[in-house]
Amino acid sequence: MNELLLKGASVHTAEGCIATDILVADGRIAAMAPSIEPGEGTCVYDLRGKHVVSGLVDVHVHLREPGFEYKETIATGTAAAAHGGYTTVCPMPNLNPVPDTPEHLDVQTDIIARTAAIEVIPYASITRGQRGCGEPVDFAALAPRVAGFSDDGRGVQDEALMAEAMRRAAACGSRIVAHCEVNELLHGGYIHDGDYCRRHGHRGICSESEWRQVERDLRLAEATGCRYHVCHVSTRESVELVRQAKARGVKASCETAPHYLLLCDDDLQEDGRFKMNPPLRSAEDRAALIEGVMDGTIEVIATDHAPHSAEEKSRGLEGSAFGILGLETAFALMYTNFVATGRMSLEHLLELMSAAPRRIFGLGGGIAVGERADLAVFDLDEEYVIDPAEFLSKGHSTPFEGWRVKGKCLLTVSRGKVAYADRKLEEHKF
């Protein structure tokens, strides 16, 4: 069926929220008007009382394929993304083979072309083999095909190597997307070096291991003119460093994730569901992150969706793999805890989860006639309990299991095609 008609919803555009029908044809928004009559064969969804938004964008996910399909595949990861209202995701290069050459990138993009439910724009690695050291990749050969360059999971340790990477990225109009971590400051740690860590005899990861490299990279970005994006900011020092750099005109942006805004090390349990990298920091760090989101220093909410097998997450805080899920819970968690409580407007949340990542990463899009039809439909009033058994991801590990939230995704349209539809909404299709 080539046409979709979305009727009766409140539609959130760049100009504001309006009551309008949306006709989708040939992958694009063909018309918007208060009342559109369907043509023969048009699939019509009755969306009275629902909200249509520009599809969410996550610039930091792990889809695990090729190389680690037992954790996730592009098919299952993008199905999970669509379930959460996402129409574009950018997967990190922690893969086998690492996308460090055009040929290795081909392996990944061929699978994407065959199996992805939504748009997938991958990252290439900064270094050959994504080692955080050694030889930089051929930036010019890879840049036109990727969202940017990242060695996510490893901080680039050598300053001269990062400076050269930034010069190469700047020369081809791309960006560096950095996991900031100073290896010599880790000391085998696996949770935040705070009160919980010391009370329970764990080994801690200090905040300086993150912010010290953020500080270095911002200085290098200023010197090279490179566009620079900091992954999963978790410390108050990092927020302040980015704030100051942006005030100086550095081409810098950053992201944080819902778990850093909603949890801190006071919430830790002896369970792998609470282990991620960077770790949950202190309550003071969380407060600084919230302030950074509110004042625009932190422009993007990403999830760092990182699925693992059940066995890999069953070994407690010390032994479990780093990483939790996020694609299927992010919007509802943020809506419930920030918008529904009056701490943030819905428009600001949509800026953080859709408009800003599109703008910063040059992805385009939006709700307007002629634009590609990347849309998500939410029932902002529907309450439900987060249940990993209902996830479409292969992974099930989330610290938010059992949380009551509202803001349920009912329909996701990617490139004009239905990528996800809730069963109840299907009953109101005609």
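The values are calculated or read from the model by the stated rules, or taken from the named source; none is laboratory data. Predicted model, so just to flag it, every value in this text is computed and none were measured. When we count neighbours, we look across all protein chains shown, and the Cβ atoms used for this are built from the backbone with ideal geometry, even at glycine.
Points to keep in mind about this one:
- Condition check for ALA147: farther than 30 Å from GLU311 by Cα, within 21 Å of the chain's Cα centre (by Cα), in contact (Cβ under 8 Å) with a residue 12 or more places away in the chain and not assigned by TED's automatic domain parsing to the domain that holds ALA419: yes
- When each of ARG315, ARG372 is tested for being among the basic types (Lys, Arg), in contact (Cβ under 8 Å) with a residue 24 or more places away in the chain and touching a strand residue (DSSP E or B) at 6+ places or on another chain (Cβ under 8 Å), the lone residue that passes is ARG372.
- Those strands (runs of 3 or more DSSP E) of the stretch 32-113 in which at least 3 residues are of a type in the set (Ser, Thr, Tyr) and crowded, with 24+ Cβ neighbours inside 10 Å, considering only elements entirely within it, cover 86-91.
- ASP285 being out of contact with any Gly (no Cβ under 6 Å at 6 or more places or on another chain), surrounded by fewer than 19 Cβ atoms within 10 Å (Cβ to Cβ), over 18 Å from PRO91 (Cα atoms) and at pLDDT 95 or above: no
- Within the stretch 114-138, tally of residues that are in contact (Cβ under 8 Å) with a residue 24 or more places away in the chain, surrounded by fewer than 23 Cβ atoms within 10 Å (Cβ to Cβ) and either part of a helix (DSSP H, G or I) or basic (Lys, Arg) (or both): 3
- Residue within the stretch 270-279 that is assigned by TED's automatic domain parsing to the domain that holds VAL300, farther than 19 Å from ILE324 by Cα and not small (Gly, Ala, Ser) present: no
- Test: residue in the stretch 385-400 that is surrounded by fewer than 17 Cβ atoms within 10 Å (Cβ to Cβ) and either within 16 Å of GLY326 (Cβ to Cβ) or of a type in the set (Asp, Glu) (or both): yes
- Residues considered: ALA165, ALA170, ALA141. Of these, the only one that is small (Gly, Ala, Ser), under 22 Å from HIS232 (Cβ atoms) and either in contact with a Pro (Cβ under 6 Å, 6 or more places away or on another chain) or in the same structural domain as VAL250 (by TED's automatic domain parsing) (or both) is ALA165.
- THR109 among the β-branched types (Val, Ile, Thr) and free of Cβ contacts under 8 Å to residues at least 40 places away in the same chain: yes
- One residue stands out in the stretch 245-279 among those that are touching a strand residue (DSSP E or B) at 6+ places or on another chain (Cβ under 6 Å) and hydrophobic (A, V, I, L, M, F, W, C): the one that is nearest to MET166 (Cα to Cα), namely ALA252.
- Checked against (1) of a type in the set (A, V, I, L, M, F, W, C); (2) farther than 30 Å from SER309 by Cβ; (3) assigned by TED's automatic domain parsing to the domain that holds THR78, LEU63 meets all criteria but (2).
- Residue pairs meeting the criteria (Cβ under 9 Å; at least 6 apart or on separate chains; first under 20 Å from VAL377 (Cα atoms), in the stretch 53-70; second modelled with pLDDT under 95 and buried (at least 24 other Cβ atoms within 10 Å of the Cβ)): none
- Residue match in the stretch 401-423 (condition: more than 21 Å from GLY27 (Cα to Cα), over 17 Å from the mean Cα position of the chain (by Cα) and modelled with pLDDT under 95): yes
- In the stretch 314-328, of all residues being touching a Gly at 6+ places or on another chain (Cβ under 7 Å) and crowded, with 23+ Cβ neighbours inside 10 Å, the one that is farthest from LEU352 (Cα to Cα) corresponds to LEU325.
- Qualifying positions in the stretch 320-339 - touching a helix residue (DSSP H, G or I) at 6+ places or on another chain (Cβ under 8 Å) and within 27 Å of LEU95 (Cβ to Cβ): SER320, ALA321, ILE324, LEU325, GLY326, LEU327, GLU328, THR329, ALA330, PHE331
- When we screen ALA288, ALA321, ALA310 for residues that are assigned to a loop (DSSP other than H, G, I, E, B), free of Cβ contacts under 8 Å to residues at least 60 places away in the same chain and in the same structural domain as ASN94 (by TED's automatic domain parsing), the only hit is ALA321.
- Residue within the stretch 152-174 that is on the phi > 0 side of the Ramachandran plot, surrounded by fewer than 23 Cβ atoms within 10 Å (Cβ to Cβ), modelled with pLDDT under 95 and not hydroxyl-bearing (Ser, Thr, Tyr) present: yes
- Matching entry among ILE126, ILE112 (being farther than 15 Å from ASP151 by Cβ and in contact with a strand residue (DSSP E or B) (Cβ under 8 Å, 6 or more places away or on another chain)): ILE112
- Number of positions in the stretch 139-151 that are buried (at least 24 other Cβ atoms within 10 Å of the Cβ) and more than 22 Å from ARG359 (Cα to Cα): 1
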